[in-house]
Amino acid sequence: PNRTRYLSELEAGEELMIVDRDGNVRFTNIGRVKIEWRPLLLIEAEHDGKHFKTITQNAETIRLVTEKGSISVTELKPGDEVLACILEGGRHFGTLVKEERILEL
């Protein structure tokens, strides 16, 4: 394991590196690779005149935070309010990439 690969490139039995949030590294072998096709859901929101979009899996187990707790994305209705963290710049695995922008064409 010496490079990043897509899940579709992996095969059972191959060795891969696992790194935790503290940087600890260990190696293991892949037991099974399973890719499932899932329906997606586009969620659009507005805050202070700015529009935001996110794509989630359309499943009852995917939940958003509200002032009263949480709500499944399958139960969302137009006008529902959810809590969000709004940050500048693009993200790559949660790390800020200031020069990155997402353009919708």
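Quick note: the coordinates plus some simple rules give every number you see, no bench work behind them. What you are looking at is a predicted structure, and each value in this text was computed from that prediction instead of being measured. Here the Cβ positions follow ideal geometry from the backbone for every residue, glycine too, while neighbour counts run over all protein chains shown.
The computed semi-axes √(5λ) of the Cα gyration tensor in Å for the structure shown corresponds, within [x] 33, 19, 15; [y] 40, 13, 10; [z] 18, 17, 14, to [x].
Between the listed residues Gly49, Gly31, Thr95, the Cα displaced farthest toward the positive end of the dipole of the chain, a dipole computed from Cβ unit charges relative to the Cα centre, is found at Gly31. Sketch the reach of a paramagnetic label on Leu87 as a point 7 Å from Cα along Cα-to-Cβ, and name the residues of the stretch 27-46 whose backbone nitrogen lies under 11 Å away. None, by backbone N distance to the label point. The slack between Thr74 and Ile55, meaning 0.36 nm per residue of separation minus the straight C-alpha distance, is 5.6 nm.
In a fully extended conformation the segment linking Ile62 and Leu16 would gain 13.8 nm over its present Cα-Cα distance, using 0.36 nm per residue. Which percent of the Cα-Cα distances in the stretch 40-97 go past 15 Å? For the stretch 40-97, the share of Cα pairs beyond 15 Å comes to 55 percent. Each Lys and Arg Cβ is given +1 and each Asp and Glu Cβ -1; about its Cα centre, the chain then shows a dipole of about 240 debye.
Dipole magnitude for the stretch 1-41: computed about the Cα centre from +1 point charges on Lys and Arg Cβ and -1 point charges on Asp and Glu Cβ, it is near 120 debye. Put simply, when 59-65, 12-18 are sorted by average Cβ atoms within 10 angstrom per residue, most first, you get 59-65, 12-18. Note on Leu41 and Ser8: the extension gain reaches 9.6 nm, defined as 0.36 nm multiplied by sequence separation minus the Cα-Cα distance.
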